[in-house]
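Asker: Please see the structure below; I have some questions.
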Amino acid sequence: MIRYFSLATVSICMAFSPSVASAALEVGDPAPRIAPGKWAQGEPVKELEGDKVYIVEFWATWCGPCITAIPHIDALSREFASDGLVVVGQNLGEDAAKVDQFVRKMGSKMSYRVGVDDAAGTMAKTWLKAAGQNGIPCAFVVNKQGKLAYIGHPMSLEKSFLKKLLAEPGTKPKTADKAAPATLSDEAKALATKASALLAEGKPEEAAPVVAALHEALPDGFRHIGGLMELDLMIARKQYDDSVALAGILAEDFEEKPTVVIAVANSLAQAPAATPAMLDAAAALAQPLSSSAAPVKADALGVLALVAFRKDEPDKAVRLQTQAVESAAPSQTPAMKAALKAYQEGRLP
């Protein structure tokens, strides 16, 4: 079965995949500082202002998809600038002179602010690398509370999403510390790997003390891993009522981290012997997120499709999964299409 956001594929992969080894930065977290080494165009952003929404979009002159996205980003900047939208096109790793030349050539077609990273690659490290993003173009949206509201492909940014953020009341944001995000210790990685393997082997009682030790070894930025592992442990022990209760607690504790909420919902929905209460809880957690921006929207729709299929509603599952495919970011599309094909063939993905 393809697992979009199970513990094994989100929490553990988040911790160990080379591209996301230090992915402690995600939607719901305070935004890093906007600190290019040089501004090639536009007024410098000295600090986040609580009455503005920011798009920080990473690009390069050699990147074809980045160039394709420029008209869309420029149109958003022009339409919403008077409402408080600030757009920063953050160049990735190129010489300032080359960026200056490109910006001059684009002229009015690229009217928003453009930043060039410093020699140390500070913006790339504190934004892209911290969020586990290994490709461009990549856009980050910061809301009026100074928190990340979106991480993903700029072409997936919709006007309705920006209008909603711009309509929110302003506040004084808290900017994240410049320090590098917390990373997992070797001990925590080993414990997580061992616990995950034991659960996969159907040995929950052997996994239990390992999960307990993992809780103690996790830094603050990765506490959700312990909670999700605890949830999978309960499911493996067939403590289904308790798993529904824990899912509610985790969703409340990490409500500002939609990827974690989706992971919770998916663990319930994918449980081999999921009860009606577990499926209902999974749908209740995913439903509010199905109107979010991509990629969260696509993953939420994927959970709802899975719940529908497991409730013997195959037509509904196909309809929801089709919407998930349509909403998916490029990196999500293969898995989303594979799940759709499975539902169309009358089987679980």
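Asker: Name the residue from MET278, LEU76, VAL325 whose Cα lies farthest towards the positive end of the charge dipole of the chain, charges +1 on Cβ of Lys and Arg and -1 on Cβ of Asp and Glu.
Answerer: LEU76
Asker: So how compact is segment 25-167: Cα radius of gyration and Dmax in angstrom?
Answerer: 13.6, 38
Asker: Short version: ³J(HN,Hα) in whole Hz for each residue of segment 318-325, in order, from phi by Karplus 6.51 cos²θ - 1.76 cosθ + 1.60 (θ = phi - 60°), x for Gly and Pro, what are they?
Answerer: 5, 5, 5, 5, 4, 5, 5, 4
Asker: Can I ask one more? Treat every Asp and Glu Cβ in segment 25-167 as -1 and every Lys and Arg Cβ as +1, leave all other atoms uncharged, and give the resulting dipole magnitude about the Cα centre to the nearest 20 debye.
Answerer: Numbers: 17 positive and 16 negative charges, 27 e Å.
In total the dipole reaches around 140 debye.
Asker: Give a residue-ordered list of calculated ³J(HN,Hα) values for segment 186-198 (Karplus: 6.51 cos²θ - 1.76 cosθ + 1.60, θ = phi - 60°; whole Hz; x for Gly, Pro).
Answerer: For segment 186-198, the Karplus curve yields 4, 5, 5, 4, 5, 5, 5, 5, 5, 4, 4, 5, 5 Hz.
Asker: Near LYS341, which lysines are there with a Cα under 23 Å away, not counting those fewer than 8 places off in the same chain?
Answerer: Of all the lysines, those that pass the test against LYS341 - Cα under 23 Å, at least 8 places apart if same chain - are LYS297, LYS311, LYS316.
Asker: I need the phi-derived Karplus couplings for segment 134-149: 6.51 cos²θ - 1.76 cosθ + 1.60, θ = phi - 60°, integer Hz, Gly and Pro marked x.
Answerer: Calculated HN-Hα couplings, in order: 10, x, 10, x, 9, 10, 10, 10, 10, 7, 6, 8, x, 10, 5, 10 Hz.
Asker: Further, regarding this structure: For the chain, what is the calculated [θ] at 222 nm in deg cm²/dmol (nearest 500), taking -39500 (n - 2.57) for each run of four or more DSSP H residues and dividing by its residue count?
Answerer: Values: 13 runs with 163 residues, N = 349.
Theoretical 222 nm ellipticity from helices: -14500 deg cm²/dmol.
Asker: Kindly rank 142-151, 230-239 from highest to lowest mean number of other beta carbons found within 10 Å of each residue. Before the final figure, lay out each step's value.
Answerer: Details: 142-151: 22.7, 230-239: 20.2.
The packing order, highest mean first, is 142-151, 230-239.
Asker: So which of LYS109/LYS159; LYS38/LYS189; LYS109/LYS147 end up more than 26 Å apart by C-alpha? Walk me through the intermediate numbers first.
Answerer: Details: LYS109/LYS159 19 Å; LYS38/LYS189 38 Å; LYS109/LYS147 29 Å.
Among LYS109/LYS159; LYS38/LYS189; LYS109/LYS147, the Cα-Cα distance tops 26 Å for LYS38/LYS189; LYS109/LYS147.
Asker: With +1 on the Cβ of every Lys and Arg and -1 on the Cβ of every Asp and Glu, and nothing else charged, how large is the dipole of the chain about its Cα centre, in debye rounded to the nearest 20?
Answerer: On the way: 36 positive and 40 negative charges, 188 e Å.
Charge dipole, the chain, about its Cα centre: 900 debye, nearest 20.
Asker: Enumerate the amide H contacts of ALA40 below 5 Å, restricted to partners 5 or more residues apart or on another chain; note that Pro and chain-start residues carry no placed amide H.
Answerer: VAL114, GLY115, VAL116
Asker: Next up: What dipole magnitude, in Debye to the nearest 20, does segment 125-279 give about its Cα centre under +1 on Lys/Arg Cβ and -1 on Asp/Glu Cβ?
Answerer: Numbers: 17 positive and 18 negative charges, 192 e Å.
Rounded to the nearest 20 debye, it is 920 debye.
Read-outs: derived from the displayed coordinates by stated rules, not from any lab. Owing to the predicted nature of the structure, the values given are computational and were not obtained by experimental measurement. Using ideal geometry, Cβ is built from the backbone for each residue, glycine included, and neighbour counts are taken over all protein chains shown.
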